[in-house]
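Report on one structure; see the data block that follows.
The values are calculated or read from the model by the stated rules, or taken from the named source; none is laboratory data. Not measured: the values here are computed from a predicted model. Virtual Cβ from ideal backbone geometry, glycine too; neighbours counted across all protein chains shown.
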C-alpha cells in the first residue's frame, strides 16, 4: 500500500444527528453487502398452499386460526394422520405442489394467473448452527405482506413489496432440518403502497432471493462511503453485537487509500478524508468501481463502490462538475419472455439494461415505479447507467393518514439504506402523477425532507402532472419548491384529442432556474402491426409520435434529459383490447420478447445527436 496515499486526515466523531423520526425508520438490521457474506441460498423449489379466505391466519370473527388450518405449524401431517385418532388437518405443506422461488406465482400456473390473496410457502433446509455465530434470514423482496415462521415460531412480519428485510433467527435455528414457512399476502387496499389501482401486474409472491446468512457475534451491519462535492470522501460503519464499542475499524479503497478509526460507545465510526489524487471518478463512459474493504476484528465487509458527485447548478445537472444530459428509458421489472415471473436474474437484468446502454446508446434508466432488484442497481453501477429510483407512491394514496405516511417513509428509508453505495443512483423520486391537493403536497414534502435527512448526496425529483391551457403546458405544482430536478409526464398525441401534427404547436412554460426531465412520454404499438394508414397501435404511428415529441422536446430550454415510456411491453390487467393489448401495455420500444419496433431506431438516432 502506498504510504503517501494512507496519510489523510481522519475525522472520527458524531455527525449532525438525524431527527428522532428519521432514526426510527432505520431497520433493526441492514446487513449491507449481504451478497458477499457467507450465506445459504434458499432459492429453488418450495411447496405452497393457497389460502384465499386467510384461514391460516384468522378464523371467523377475527379469532385465532384453528390448529388444523395453521400452515406454519412444525408438524409432519402425514405421520400424525398415519396414527389415526380424532385430529385431522386441512393443509399439508410437505405434500403441497411445487413452485420455483424466487418468482411471482402469477406466472407459475394458469390457476394463479390473476390470484390476489394469501399463499403459504414452505422450504426445508439443513443448518449447522455454530457457537459464537449469529444467523439471519434476508428476504430481498416479498410482495406484498410477509408473515415469516421458522420451525413453528413466528420470527417477523414485513409490509412492502420491493424492499429487503432481515430477521435474526439465531435462537430459532436448529441443527439438522429446519422448516421455513412464509405467508405471502398480495392484496392491496386504500392504506397500502401502492393502492389497489396501478398500471402494472400485481405479481404476488417471493419475487427475489432468500438467504440464510451467518455472521460473527459482533459484525459490521452497515457501511457506506461517498464522494462529496467538497472533494472529500466520507461515510460511516456501524457494528452490531456485544463487543461493538471501542473496536478498531479499517477501511481500504482499492490500493489508493487506507485508514483506521475506533468505534464509539454505540458501535459507530465516521470516516472523512480527502479524495486521493489517483481516485478515478465514476462516469457512464468509464464506470470505475473500487474494491472497498471494511474490516474489524472477526469480520470483513466487501463492497464495489464508484465515486462521483452529482449536483444542480441553475438549470444544469452536473456529474463530477460537468454538465450532463440524461439519455434514458423507463423500465418495469419484467424479464423478456411471453410469461414473465419478475425473476430478475443477473442474465435477465443484463439483457434489459444492454438494450438501453448499447442498443439505444443511453446513459440513464428510470426504474419505475418501485425499487427494482438489487441485482439491477448493481449492474447499473457496473455497466455505467445513471438511475432514477422511486417507491410506489403512485396516483392515489390516503394522503391524510399518518400511518400511511409512516409506511411510505419506511419504504423510502429501506430503499435508501440498500442503495446508498451505488454510484449509479443519482435521483430519488418522491411520487408519480399524483393530483395536487394540500394534503398530498404535505405528504410528498415529508418524503422529500426524509430523503435529505437520510441521503443529502443525491437529488430529489418527482414525476409531476402538467396543466394545459390551449397549446401551453405548464407546471403549476407547489411541490416544486421541494425538488432539485423537475420532471413531467406528457402524452399529447396519444391520450386526448391532439393529432401528431398538433404536437408542434405545443409550448412549455416551466421554471427557468431548475433542470427539467421528461420522465414519461409514449404511444402504444403492437410489434408487427404496420402499414395500416398510420393508425394508433401501428409501429408507424409510434415512430412518428416519437419524431414529433422529440422535436417538441428540443424547444424546451431547460430540458436536461428524458426517460420515454417504456423499454419493453409489460403486463397490465388494465389494458384489455382483444387485438392489440390482451393484458399488455404496448408502449414498449421492444415487444415482450425483445423484438424492436420502428420507434426504437428513432430514439437511438436521436440519442446519437446528444
Please note which strands (runs of 3 or more DSSP E) are completely contained in the range 472-570 and include at least 2 residues that are over 21 Å from residue 607 (Cβ atoms).
472-474, 507-509
I'm checking my understanding of the structure. Among residues of the range 484-501 that are surrounded by fewer than 23 Cβ atoms within 10 Å (Cβ to Cβ) and in contact with a helix residue (DSSP H, G or I) (Cβ under 7 Å, 6 or more places away or on another chain), which one is farthest from residue 329 (Cα to Cα)?
500
For the range 251-260, which residues satisfy the criterion of being over 13 Å from residue 225 (Cβ atoms) and in contact with a strand residue (DSSP E or B) (Cβ under 8 Å, 6 or more places away or on another chain)?
260
Of the residues in the range 344-391, those that are within 19 Å of residue 458 (Cβ to Cβ) and outside any helix (DSSP H, G or I) number 18
Which of the following residues is more than 20 Å from residue 418 (Cα to Cα), in the same structural domain as residue 601 (by TED's automatic domain parsing), in contact (Cβ under 8 Å) with a residue 60 or more places away in the chain and buried (at least 18 other Cβ atoms within 10 Å of the Cβ): 344, 356?
356
From the list 528, 601, which one is loosely packed, with under 13 Cβ neighbours inside 10 Å and either modelled with pLDDT of 95 or more or in contact with a strand residue (DSSP E or B) (Cβ under 9 Å, 6 or more places away or on another chain) (or both)?
528
So, residue 142, is that one in the same structural domain as residue 212 (by TED's automatic domain parsing) and over 27 Å from residue 165 (Cα atoms) or not?
no
Restricted to the range 38-65, and to residues that are in a loop (DSSP other than H, G, I, E, B) and surrounded by fewer than 13 Cβ atoms within 10 Å (Cβ to Cβ), which residue is modelled with the highest pLDDT?
52
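Would you mind finding the one in 237, 210 that is farther than 24 Å from residue 376 by Cβ, crowded, with 23+ Cβ neighbours inside 10 Å and at pLDDT 95 or above? Full working, then the answer.
Details: 210 fails: farther than 24 Å from residue 376 by Cβ.
Exactly one of 237, 210 is farther than 24 Å from residue 376 by Cβ, crowded, with 23+ Cβ neighbours inside 10 Å and at pLDDT 95 or above, namely 237.
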Quick one: what pairs do we get from the range 550-568, first residue at positive phi and touching a residue at least 60 places away in the same chain (Cβ under 8 Å), second buried (at least 17 other Cβ atoms within 10 Å of the Cβ) and assigned to a strand (DSSP E or B), C-beta under 8 Å, 6+ apart or different chains?
561/317; 561/326; 561/327; 561/328; 561/364; 561/517; 561/518
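Assigned by TED's automatic domain parsing to the domain that holds residue 168, at pLDDT below 95, exposed (fewer than 11 other Cβ atoms within 10 Å of the Cβ) and under 24 Å from residue 215 (Cα atoms): does that describe residue 132?
Against the criterion (assigned by TED's automatic domain parsing to the domain that holds residue 168, at pLDDT below 95, exposed (fewer than 11 other Cβ atoms within 10 Å of the Cβ) and under 24 Å from residue 215 (Cα atoms)), residue 132 qualifies.
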